[in-house]
Structures are given as C-alpha cells and as structure tokens.
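A quick write-up on the structure given underneath.
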Amino acid sequence: LALTIDGQEVTAAPGQTVLEVAKSAGIEIPTLCHDPRLEPYGACRLCLVEVEGARAPMPSCALKAGEGMVVHTQTDKVRRLRKFVIELLLSYHPLDCPVCEAAGDCRLQDYAYEYGVSESPWGWHPLEFPTRDDHPNIARNPNRCILCGRCVRICREVMGIGCWGFSNR
C-alpha cells in the first residue's frame, strides 16, 4: 500500500496502522495509551491525525493505512486538539514533576513541554485515592493515573492475569 504522511511517500503492509507506518518512516506521533504488544485502543487521543477527505481527525493507532491515503500529523487543528487533551489530563494530574519518581522519564511531561502546557486552564483538581501496591507486577498510584488503560490491558492481554479485581475473562 502506498500512502503519504506529512508529504513523505511511504509504503505499508496490509493491516498496518498509520501510527506503525509513520513510526517506521521516522515520523513521530505522540501516544500515551499505545503499546505495540496490544490491540489498538485509542483512549488517549494524542495520536490524532488528519486524513484528507475524512470528516474529523482520527486516532492513528487504530486507523488502518489505506492505498492513496494522505495523512497530516502536525496541522494546527491536530496540535490544538493534542494541547487540549494534555490540558484535560493535567486538570487531575499533580504538577509536581520535580519530585515525581518518573521526572525526566515521563511522556506526559515531555508532551506538556512540547505543546507548551504548564498547567490546566481549568485548574488542578487533586484526587485522593490510596496507592495500590497489592499487585505482583504493577505499582499503581491512582492519583497520577491518566486512565489510559495500558496497565490493565497488559495484565489481561499479555500476561493473562487480572488486575485489581478485574477479571480477564
């Protein structure tokens, strides 16, 4: 399949997503919920792209590449939508990056910097949930959780186990 991403002619194998094709061509598209071991989920909406002829931006992680498709990953509209998503995430996410154990190794922090978001325009609404450390493979702090679903999906689909009472059946 031949398609164009950001003016670059690329080829895709049948079934490949636009995100996979872009990544293989060296075109970066931001993601938070995507994991190559999992089926596409599209929860975070940071990977939105515009496709010529489509009515609205689409999540590149779940969008199958098509013959002749023309994709734009950095339009003003897409960048505004990504910034909005980051602002929403930060309205419930603490902004204490300097003291966070993930500081410097956090994609949300990187994207907030890239898109010029230092705080949510709606303010910060702290969550007060106890930290969960009762899972054998995942330490979870729900006060920093962005609800991408990746940890639960990894448990279910990759490890074949349930997470925190969620059955994998």
Discussion item. For segment 86-94, check the following and say yes or no: at least one residue is surrounded by 15 or more Cβ atoms within 10 Å (Cβ to Cβ), touching a strand residue (DSSP E or B) at 6+ places or on another chain (Cβ under 8 Å), at pLDDT 75 or above and among the aliphatic types (A, V, I, L, M).
Written reply: no
Practice prompt. May I ask you to list the residues in segment 34-58 that are hydrophobic (A, V, I, L, M, F, W, C), touching a Leu at 6+ places or on another chain (Cβ under 8 Å) and at pLDDT 85 or above?
Written response: 44, 46, 47, 48, 49, 51, 58
Response to the item:
Reported set for segment 1-59 where residues are out of contact with any Cys (no Cβ under 8 Å at 6 or more places or on another chain), open to solvent by 30 Å² or more (accessible area, probe 1.4 Å), under 20 Å from residue 157 (Cα atoms) and of a type outside the set (Asp, Glu) is 15, 16, 36, 37
Worksheet item: What are the residues in segment 60-77 that are among the β-branched types (Val, Ile, Thr) and surrounded by fewer than 19 Cβ atoms within 10 Å (Cβ to Cβ), if any?
Response: 70, 75
Worksheet entry | Sole residue being surrounded by 14 or more Cβ atoms within 10 Å (Cβ to Cβ), assigned to a helix (DSSP H, G or I), within 14 Å of the chain's Cα centre (by Cα) and modelled with pLDDT under 80, chosen from 151, 145, 155 | 151
Response to the item:
For residue 118, the lone unmet condition from (1) at pLDDT below 80; (2) over 18 Å from the mean Cα position of the chain (by Cα); (3) loosely packed, with under 11 Cβ neighbours inside 10 Å is (1)
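The values are calculated or read from the model by the stated rules, or taken from the named source; none is laboratory data. On a predicted model such as this, the values are computed, not experimentally measured, just so you know. Please note: Cβ atoms are built from the backbone with ideal geometry, for glycine as well, and neighbour counts cover all protein chains shown. These area figures cover heavy atoms from the full protein model, side chains too; ligands, DNA and RNA do not enter into them. Shrake-Rupley method; radii C 1.70, N 1.55, O 1.52, S 1.80 Å.
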